Amino acid sequence: MLRFLPIVAICTVILLFFLYNFYFSVDFPFQDDFLFVQFIHAISDGKVGFAGLIQEMFRTFNDHKAVVPRFISLLDYWLTGRLHLRFYIVLVSLNLTYIFYFLYLNFCKAKLPLYYFLPVPFLFFHPLYHEVSGWALTGMQHSYLTAFTVTAIILVSRGTKPAFYGAMLCCFLATFTHGNGILSFPAIIFFFLCYKDFRKAILTGVFMFLCLGIYLAGYESGQAGNLPNNAVQFFSSLFGFVGSAMSLWAMPELSSAVWGFVIVVCMVLVTFRVASVYFKKPAAIKPGTIELLTLFAFIFISSTVIAVFRSWAGTTVASRFQLYASLSTAIFYLFLVFYTDFFRKKWVYTAVLALSVFYWGYSHYRFTGTVAAKKTTYLADIYNWRNNRSMYSVERSIVNYGGFYLFPAYEKGYFWVPESVVEKKELDSMFAAKGPVVDKGLYIETWDIHRVLREGNDDIVFYFVSSNASPRRKHFWDDRFLVIKDTSTGSISLMNGNPKTETRKNIITTGNYYKNGFNTLLREKDLDPGIYDLGILDVSDAGQKTFYRIGRQLVCTAHGYALK
């Protein structure tokens, strides 16, 4: 029974993770996902030849050579004739489960009861890193490179010659999945140094430089790289990268840096224990320790490199990096269980398990609003693209710049979007009908955003059309859209209109996640100058639609937005 219940709990958490990510994913590209469309556009006419195909697959994009994701999209195109972004997110979930299996595999080597492993799935399977688990290209890059890295660690731990060369292949694939994949080689060198296997460590270094030479051929520098401005920025980014599992609490940068420092200190102590192999009296090492420590070495080396080249722009506490933070926290917990009797005491273990379950639940509370807003944004853009060839999930300039491949890709069908949640004729009828009017508490809020760029600073203004009073609270599974109708052309657009989330106390006492009202982001150039009628559309999970007319109009000018 003590083994059966943890297995059921672990499988349940994994299943919920799959269902969560699948439900909130949409078959629509976002930002870097345009890379898939651009790649297929470049090779779809069949005139590039084999050499041209290889060149396009290895083309640098924002410092990275995303060969593996491109290859998967190519197979998808060859087999089905179009791209399936939602399927790529399913692949990401499978990769994450495999990475979790690596943790489980090395825990089992320590011969501890399975229930000690139970906090790990709660520390790992949650939406903290939603930009990995719910974003096709970013998810494929980070999950595949990590999956290749852990596979390389598994292979070299076998100690055979074929396994070694298989590990080198995995490191090669990691390199051509995401930019920091090349750092899987130093991690494997670290593994061999732990066993005093200098020959294989040197051979791994040779393979690393050969791979780096291939990577640098045709390399184009991106826009994110620069040296840090000061030591505080560097170390806060270094430790914040490792410890950003704590970023969902107050003062995220400080709490992440402190937690990361604690984790690094623990890993240094374990490393000294492993390094005792170089002394006369080696310390006892739990099986699985070196494999887990090697994965952390990869994370720490990545953190160092990213802090060197990106901390100049501010914190590295970002969702797209927090897969590594979750792994760091999980490895930290496993080492505490491996090497301290204190954490194996019943009351301590029970407290840690309770805290991990609370953390899992709080992460869902903290980020589900963000995840749901992204889903609604993409659903809105399905309508916008099908009807207006526009989208608001990205800045207008990105669509204009990518129009040379987005428009023909859509016409040819490999850039495919599903049916929209509503048709234009339905929206026209809704505006024409005499339905309920809501405008209580409607306001526009402005945010002055200061973006730090390598070339200089960029100041932009975000506008939020919002109400904290009406319409009434939507159901959790509903999607809420702001409907905008141009009074001069009759063109209608949809935008995400999800409201703010309730306080923790109200969620517990009332069971409601969302507040009344709505909240919609507008950038300065999202709309053409003009006057727009407004409405709110709620679409239930079953497709039922509820429309609320807003009794005020949105005025867009060259100077911004106003209500009248």
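The values are calculated or read from the model by the stated rules, or taken from the named source; none is laboratory data. Note that the structure is a prediction, hence the values are computed from the model and not measured. In this analysis, Cβ positions are derived from the backbone assuming ideal geometry, glycine residues included, and neighbour counts consider all displayed protein chains. What goes into the accessible areas is simple: the full protein's heavy atoms, side chains included, and nothing from ligands, DNA or RNA. Shrake-Rupley method; radii C 1.70, N 1.55, O 1.52, S 1.80 Å.
Values computed for the structure shown
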quantity	calculated
Extreme residue, positive dipole direction of region 238-373, given options Phe298, Gln322, Ser255 (C-beta unit charges)	Phe298
Label-point separation in nm, Phe50 to Leu15, each point 7 Å along Cα→Cβ	4.7
Per-residue [θ]222 nm for the chain (sum of -39500 (n - 2.57) over DSSP H runs n ≥ 4, rounded to 500)	-18000 deg cm²/dmol
Peptides ranked, highest mean first, by Cβ atoms within 10 Å: ranges 249-257, 417-425	249-257, 417-425
Taking only Cα atoms of region 124-176, radius of gyration then Dmax in Å	13.3, 39
Carbon and sulfur %, accessible surface of the chain computed with the full protein complex present, 1.4 Å	64
On Cα atoms only, tilt of 198-216 relative to the major axis of the chain in degrees	30
For Cα extents along the principal axes in Å, calculated from these coordinates, the label among (i) 172, 60, 51; (ii) 86, 63, 48; (iii) 66, 63, 45	(ii)
Nearest 10 degrees, 0 to 90: helix 161-175 Cα axis against the chain principal axis	30
Placed amide H near Tyr514: partners under 5 Å, 5+ positions off or other chain	Glu502
Peptides 181-189, 165-173 ordered by average Cβ neighbours within 10 Å, highest first	181-189, 165-173
Fraction in percent of alpha-carbon pairs per bin - 5 Å, region 427-564	2, 9, 18, 21, 18, 13, 9, 6, 3, 1, 0
Check: the chain dipole with +1 on Lys, Arg Cβ and -1 on Asp, Glu Cβ, in debye	1860
The chain: angle of helix 184-194 to the longest principal axis, Cα-based, in degrees nearest 10	30
Virtual spin-label span in nm between Glu445 and Thr304, 7 Å along Cα→Cβ	4.2
Dipole axis of region 438-556 (+1 Lys, Arg; -1 Asp, Glu on Cβ), positive-most option in Asn496, Tyr513, Ile531	Tyr513
Leu83 long-range amide H proximity, modeled H, under 5 Å	Trp416
From phi via Karplus (6.51, -1.76, 1.60), per-residue ³J(HN,Hα) for region 41-50 in Hz, x at Gly/Pro	4, 5, 10, 6, 6, x, 9, 6, x, 5
Mean accessible surface per residue for the chain, computed with a 1.4 Å probe while every protein chain stays in place, in Å²	45
Extension gain from Phe358 to Tyr278, taking 0.36 nm per residue of separation minus the Cα-Cα distance	24.6 nm
For region 408-564, size of Cβ-based charge dipole, Lys and Arg +1, Asp and Glu -1, in debye	640
J(HN,Hα) series, region 291-307, from Karplus relation 6.51 cos²θ - 1.76 cosθ + 1.60, nearest Hz, glycine and proline x	4, 5, 5, 5, 4, 5, 4, 4, 5, 5, 5, 4, 4, 5, 5, 5, 5
Label-reachable residues, region 269-300, where backbone N falls under 19 Å from a point 7 Å from Leu212's Cα toward its Cβ	297-300
